[in-house]
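Peer 1: One structure is given below, represented as structure tokens, and several questions about it will come after.
The values are calculated or read from the model by the stated rules, or taken from the named source; none is laboratory data. No experiment lies behind these values; they were computed from the predicted model shown. Here Cβ is always computed from backbone atoms with ideal geometry, including for glycine, and neighbour counts include all displayed protein chains. In case anyone asks, the SASA skips ligands and DNA or RNA and just uses the protein heavy atoms, side chains included. Shrake-Rupley method; radii C 1.70, N 1.55, O 1.52, S 1.80 Å.
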Amino acid sequence: MTDDLTDDASRPELPVRKWRPAMLWLFAGFAVFAYAFDQLTKLWVTSTMTEGERIPVLPPLLHWYYIRNSGAAFSIGENVTWIFTIVMAGVSVAILFQLRRLGSAWWALSLGLLLGGALGNLTDRLFREPSFAMGHVVDFIQVPNFAIFNIADSAVVSGVVIICLLTLRGVGMDGTRQVAAPKKPAKPAPGSSEEIVGE
């Protein structure tokens with residue numbers, strides 16, 4: 001009985017419910033920002049550049065290089081575009097299901113970026129050429145020795161990195177921090193000098 005009470009008392013309290021609407025608004029704001037920024041930059045690229053065109057921005061570190069990617073990062077899986085469409089749709093739905101636990105501003109940021117980025121590329125998959133759910137993603141950011149990517153990719157990677165850091169620091173999605181339980185001192189062996197001194 002005593003151990004149960006002690007364990008309950010040592011658990012961190014859940015965040016106050018009044019903060020939850022604020023976290024949801026924060027999440028929605030980051031998701032909308034990531035999605036809108038991605039789609040607006042792609043609209044700018046497709047309306048001002050021709051496919052295959054390369055424009056120096058900060059040479060040799062940064063170029064705009066307009067390509068359309070049917071696969072994932074590094075052009076992996078170019079012949080199975082529909083699989084990435086399903087995966088991104090599944091990720092988006094999974095994020096929405098987790099919102100009932102949201103109680104941390106950092107988690108709101110990471111999940112918002114993740115959802116906005118996933119929806120940005122999902123929009124390309126669904127509505128761009130060559131066909132519905134088989135569309136090619138617009139990529140245009142080129143840096144040395146790396147894949148050509150877009151704003152949605154950057155948002156997804158940033159969200160994943162933040163989630164990894166939060167997990168390593170023991171910060172839960174509800175805002176609580178996991179604290180390791182204190183170790184109980186080991187009992188001295190029978191007949192040892194520690195037991196004699198204690199007596």
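Peer 1: Per residue, what accessible area does region 29-155 have, given a 1.4 Å probe and all protein chains present, in Å²? List each step's numbers first, then the result.
Peer 2: Numbers: 6630 Å² over 127 residues.
For region 29-155, the per-residue accessible area is 52 Å².
Peer 1: If you don't mind, there's one more thing I want to ask. If packing is taken as the mean number of other Cβ atoms within 10 Å per residue, what is the order of 152-159, 22-29, 34-41, highest first?
Peer 2: Details: 152-159: 21.6, 22-29: 16.8, 34-41: 18.9.
So the peptides 152-159, 22-29, 34-41, ranked by packing, come out 152-159, 34-41, 22-29.
Peer 1: Counting only other residues whose beta carbon sits under 13 Å from that of Ala34, what net charge do I get with K and R as +1, D and E as -1?
Peer 2: Details: positive: Lys42; negative: Asp38, Asp153.
That sum, taken over residues with Cβ under 13 Å, equals -1.
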